[in-house]
Amino acid sequence: MQTKQWVIVYSGGTADTALLRDLLEAAGVNARLGDEVMGTMAPYVIEGGTTAAVKVLVPEAQLDEAREVVVEFAELAKTDTTPAAPPFQPWECPCCHEHNDGTFDLCWNCQTERVGP
């Protein structure tokens, strides 16, 4: 009986590797993650793409099928132009007129709820 030989096709953080694995499986390619525990134990180590990164593996027999999905995924990741979230705007409390940081939904002085965006 011959065993499957698994090949690393991508390495990176926990979120992008999980997404790529799901995309590969949706395309009919068997895929699994390797070293995924590192993403929870030491995420600061893997974000730079070091050798400790989470790996996406596919059977060697499906490497050609996987290549298309991986290349498309990598290209989209490079060109992702998701706009940054708008900065939080400071606001003035309608009750006590205290100025509050935009990250707060309640006035720090009187706990009145923020009105508007």
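The values are calculated or read from the model by the stated rules, or taken from the named source; none is laboratory data. Just so we're clear, the structure is a prediction, and the values are computed from it rather than from any experiment. When we count neighbours, we look across all protein chains shown, and the Cβ atoms used for this are built from the backbone with ideal geometry, even at glycine.
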Among the residues listed as 33, 63, 57, the single one being part of a helix (DSSP H, G or I), modelled with pLDDT of 85 or more and surrounded by 10 or more Cβ atoms within 10 Å (Cβ to Cβ): 63
Hits in the range 102-117 - residues which are under 20 Å from residue 87 (Cβ atoms) and out of contact with any Leu (no Cβ under 8 Å at 6 or more places or on another chain): 102, 103, 104, 105, 106, 107, 108, 115, 116, 117
